[in-house]
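This report concerns only the one structure given below.
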Amino acid sequence: MKTLIRLKKKLRLHNREIRFFILFILLFAAGHVLHYLSSSYTNPIILYKLNAGIGSRIINVLTPGEKTLSEGPTIYSGIHKITIEKGCEGIEGVLLIIAAIGAYHASIRKKLYGILLGVFIIYGANLLRIVSLYY
C-alpha cells in the first residue's frame, strides 16, 4: 500500500514530464504514419525537387564547370553521380523536431516558430550533406 502511495506521489511530481513523453511518442508515431500514407505524393517533391533539384543548383553555383543535372532523385554530371534514396532526405529529423517541439509545454506561437526554425536548420544541414557527398 505504501509503495502505491509513493508511486502516485512521484507520478504527480513528474506529471509534466510524463505528459511530454507520451505526447512526444504519439506525435512522432502520427508523423511517421502520415509520412508513410502520403509518401507517394510527397516523395517527388521532397526527394526530386527539394533535395536533388536544389542540391544540383547549389553545386552548379559553387562550381559552374560541373554542369550537374538532376533527374528524379539523382544528381549527375559526366562520370559523377549521386542518388538520394528514401530515408536520406532528412524527413526523420524533421518528424523528430516537430514531435519534440509539439510536445513541449509552450505557446502555439513559440512552437510554430521553433518548428519552422528547426525544419529550416535540418533541411539546410541535409542539403549541405548532399552537396558534400557529391564532391
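Determine Rg/Rh for the range 95-135; Rg is computed over alpha-carbon atoms and Rh is the Kirkwood hydrodynamic estimate from the same atoms.
1.16
In whole angstrom, how long is each semi-axis of the equivalent ellipsoid of the range 38-111, when you take the square root of 5 times every eigenvalue of its Cα gyration tensor and sort them from largest down?
Here the semi-axes work out to 32, 14, 9 Å.
Please report how many Lys pairs in the chain have alpha carbons closer than 22 angstrom, counting only residues at least 8 apart along the chain or sitting on separate chains.
5
For GLU89, what residues show an amide H to amide H distance below 5 Å, using hydrogens built from the backbone and excluding near sequence neighbours?
Answer set, sorted by chain and number: none.
Using a 1.4 Å probe, what is the accessible area per residue for the range 19-124, in Å²?
The answer is 67 Å² per residue.
Could you please state how large a percent of the accessible area of the chain is carbon and sulfur, counting protein chains only and using a 1.4 Å probe?
Result for the chain: 70 percent of the exposed heavy-atom area is carbon or sulfur.
Within the range 67-91, which residues have the backbone N less than 14 Å from the label spot 7 Å out from LEU116 along Cα→beta-carbon, could you tell me?
Under 14 Å, as judged by backbone N against the label point of LEU116, lies no residue of the range 67-91.
Could you list the square roots of 5 times each eigenvalue of the Cα gyration tensor of the chain, that is, the equivalent ellipsoid semi-axes, sorted largest first and rounded to whole Å?
Computed over the chain, the values are 42, 14, 12 Å.
Using the membrane-span-like helix rule (whole DSSP H runs, Cα extent along the own axis of at least 15 Å, mean Kyte-Doolittle hydropathy at least 0.5), which helices of the chain qualify?
Qualifying helices, which must be both long enough and hydrophobic enough, are 15-43, 91-103, 108-134.
The values are calculated or read from the model by the stated rules, or taken from the named source; none is laboratory data. Being a predicted model, the structure only gives us computed values, none of them experimental. Note: ideal-geometry Cβ built from the backbone for every residue, glycine included; neighbour counts use all protein chains shown. Quick note on the areas: whole protein, heavy atoms, side chains included, nothing else; ligands and nucleic acids left out. Shrake-Rupley method; radii C 1.70, N 1.55, O 1.52, S 1.80 Å.
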